[in-house]
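J.: Structure in structure tokens, see below.
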Amino acid sequence: MSPIHGSTIIPCMRYRDAHAAIDWLCRAFGFARQAVYEDDQGGVAHAQLTYGSGMVMLGSVREDGFGQHLLTPADTGGRETQVACVIVKDCRAHYEQAKAAGAQIVDEYAEKDYGGAGYSCRDMEGHLWWFGSYDPWTE
């Protein structure tokens, strides 16, 4: 599948307050809601947020079959085993937008030796993200 048809790898996360996370991710990082499905308890059973041709999926924290395999950063002392990397066109502007929305900056915006620029931050519930202008598909 080519990048113009969508992403073939889609990160998935769980949030304690998935509705607030969706709003924040859209405001702070520029994601767009593609789909949000409610569960019976007023939480999010499944949501799809897009950014360019990429996507992340998320839902509310719950002890279901798949949920038994997931922890939130609050459960691990903030440590992650994976991080979503998102290619952005204007990395400086993206950094400023995320910072203004309250993202916790982990690695400040910097021009990279291998090309492009990037920074890393934590979202409102502590998930780690990397945003940068380096595009390994075209560099």
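None of the figures in this text is laboratory data; all of them are computed from the coordinates on show. Because the structure is predicted, anything quoted here is derived from the model rather than measured. Neighbour counts run over all protein chains shown; Cβ positions are idealised from the backbone, glycine included.
J.: What is the dipole size for segment 56-101, taken about its Cα centre, with +1 at each Lys and Arg Cβ and -1 at each Asp and Glu Cβ, in debye to the nearest 20?
T.: For this selection, approximately 220 debye.
J.: Also, quick follow-up: Could you tell me what fraction of 2.2 N^0.38 Å the Cα radius of gyration of the chain comes to, as a two-decimal ratio?
T.: Normalised Cα radius of gyration, the chain: 1.05.
J.: Report the charge-dipole magnitude of segment 1-98 in Debye, nearest 20, computed about the Cα centre from +1 at each Lys and Arg Cβ and -1 at each Asp and Glu Cβ.
T.: 360
J.: Taking Cα atoms of segment 66-112, Rg/Rh with Kirkwood Rh, to two decimals?
T.: Ratio of gyration radius to Kirkwood radius for segment 66-112: 1.06.
J.: To check you understand DSSP bridge types, tell me what percent of the beta bridges within the chain (both residues inside) are antiparallel, rounded to 5.
T.: The answer is about 70 percent antiparallel.
J.: Nearest 10 degrees, 0 to 90: what angle lies between the long axis of helix 91-100 and the longest principal axis of the chain (Cα atoms)?
T.: The answer is roughly 40 degrees.
J.: If you don't mind, another one. Angle, helix 18-29 long axis vs. longest principal axis of the chain, Cα atoms, 0 to 90°, nearest 10?
T.: The angle comes out at about 10 degrees.
J.: Report the gain in length on full extension from Glu108 to Leu70: 0.36 nm times residue separation, minus Cα-Cα distance, nm rounded to one decimal.
T.: Answer, rounded to one decimal: 10.9 nm.
J.: Could you calculate the contour length gain from Glu38 to Arg79, that is, 0.36 nm times the residue separation minus the distance between their Cα atoms, to one decimal place in nm?
T.: 11.9 nm
J.: Can you give the % of DSSP beta bridges in segment 68-139 that are antiparallel, to the nearest 5?
T.: Bridges in segment 68-139 that DSSP calls antiparallel: roughly 70 percent.
J.: Right, something else. Among Ala32, Gly43, Ile9, flag the residue with its Cα farthest along the positive direction of the charge dipole of the chain, charges on Cβ as +1 for Lys/Arg and -1 for Asp/Glu.
T.: In the chain, that residue is Ala32.
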